[in-house]
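The values are calculated or read from the model by the stated rules, or taken from the named source; none is laboratory data. Keep in mind that what you see is a predicted model, and the values were worked out from it rather than measured. Note that we place each Cβ from the backbone using ideal geometry, even for glycine, and neighbour counts take in every protein chain shown.
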Amino acid sequence: MIAVARAPRLLPRIVSILGCWFLLLCATLPLPGAGKIPLEVLPIASARPSGVSIQPLMVGEVAEVSVDLVTVRGGATHREPAHPDEAVVWLLVAGKGSMQAKDSQYAVAGETIARAPQGWDWKITASDGETMQLVRVRRKLTAVDFEELKKFPEFQQEPLVKAFKDCTPYGEAIKSPKTVSRTLLPENYVPRMAMGTVETTGPDAVAPHRHAMLEQLFLGLKGNDITVTADAERASLGEFMILHIPLGSFHGAQVKEGKHLHYVWMDFFADKAGQEWLKTHKPLTTPNAP
């Protein structure tokens, strides 16, 4: 009888304990919509006959943004017509050749960014025996974006073609003093879009941080060997790999001793106000050395 009498009083306590365990379990589970960090390996081609090939990357990851690997081999030429409603930025990650926009022609090699004024055509030719690997980034432009372009006519006069190593260095609180960061595509060249590089040697890290006002892609350059974290997820980003930082995630990057961190970040802002984030990048008169 005593055991029977105690059972009703124990039941609420048991339910309470089980409820606590259930809440603890739920707290460790991913939030709805959370998943692994989207990542792809660029299909970097080995030596092949002359020709041009285009491979889509990160399809559907960032709204109104298209990314492709354009490969131009052995003396071949790729002609890129103007995109009336899209801005186009090129990232040459390997190989050498020439890039021409209207009457402006540039000899390019290795890691180089290229962006022409809105509506210009491109002609890209690989040198004989060379394979050019270019990441083409296209962003849809809105009516508001076209109004923004008119506010910065100085960026619409001639192409921006520059080796990564020659781009403006900057410092940032989330990075160590030895880290070298550079601005490849400054704000207002393309509305709601900016690009840069980060380079350092291990052991080092880019401290975890969050930005809900922009979408971001990371592109691993030659020799890059790092771990990227986003909330509870981890991904290994090697050279010639690209990943998407989940929007609003608490993310960072780590590089181990003896390893190299060198990647391009691509920021796609939801609106003009979001570009205020770029004020955290403080231009340096003397760059650091990784």
If a residue counts only when it is closer than 18 Å to GLY129 by Cβ and outside the structural domain of PRO191 (by TED's automatic domain parsing), which strands (runs of 3 or more DSSP E) contained entirely in segment 59-115 have at least 2 such residues?
65-73, 77-80, 86-94, 96-101, 104-109
Long-range neighbours under 7 Å by Cβ, at least six apart or interchain, first residue under 22 Å from ASP121 (Cα atoms) within segment 160-186, second of a type in the set (S, T, N, Q):
VAL161/THR112; LYS162/THR112; ALA163/THR112; LEU184/THR197
Counting only residues that are touching a strand residue (DSSP E or B) at 6+ places or on another chain (Cβ under 6 Å) and at pLDDT 95 or above, how many does segment 121-130 have?
6
Checking THR200 against (1) surrounded by 20 or more Cβ atoms within 10 Å (Cβ to Cβ); (2) assigned by TED's automatic domain parsing to the domain that holds ARG79; (3) within 26 Å of LYS96 (Cα to Cα), which test does it fail?
(2)
Can you spot a residue in segment 270-277 that is more than 26 Å from LEU69 (Cα to Cα) and of a type in the set (Gly, Ala, Ser)?
yes
How many of the residues in segment 266-290 are among the hydrophobic types (A, V, I, L, M, F, W, C) and either at pLDDT below 90 or surrounded by fewer than 19 Cβ atoms within 10 Å (Cβ to Cβ) (or both)?
6
For segment 244-259, the count of residues that are surrounded by fewer than 18 Cβ atoms within 10 Å (Cβ to Cβ) and either more than 15 Å from the chain's Cα centre (by Cα) or not assigned by TED's automatic domain parsing to the domain that holds ARG210 (or both) equals 5
Inside segment 163-216, counting only strands (runs of 3 or more DSSP E) that do not spill past its ends, which hold 1 or more residues that are in contact with a Cys (Cβ under 7 Å, 6 or more places away or on another chain)?
180-190
Can you name every residue in segment 76-93 that is touching a Ser or Thr at 6+ places or on another chain (Cβ under 7 Å) and farther than 10 Å from ILE124 by Cα?
LEU92
Within segment 36-86, the residues that are polar (S, T, N, Q) and either free of Cβ contacts under 8 Å to residues at least 24 places away in the same chain or exposed (fewer than 14 other Cβ atoms within 10 Å of the Cβ) (or both) are SER46, SER53, GLN55
Any residue at all in segment 147-161 that's at pLDDT 95 or above, in a strand (DSSP E or B) and either among the aromatic types (Phe, Trp, Tyr) or surrounded by fewer than 21 Cβ atoms within 10 Å (Cβ to Cβ) (or both)?
yes
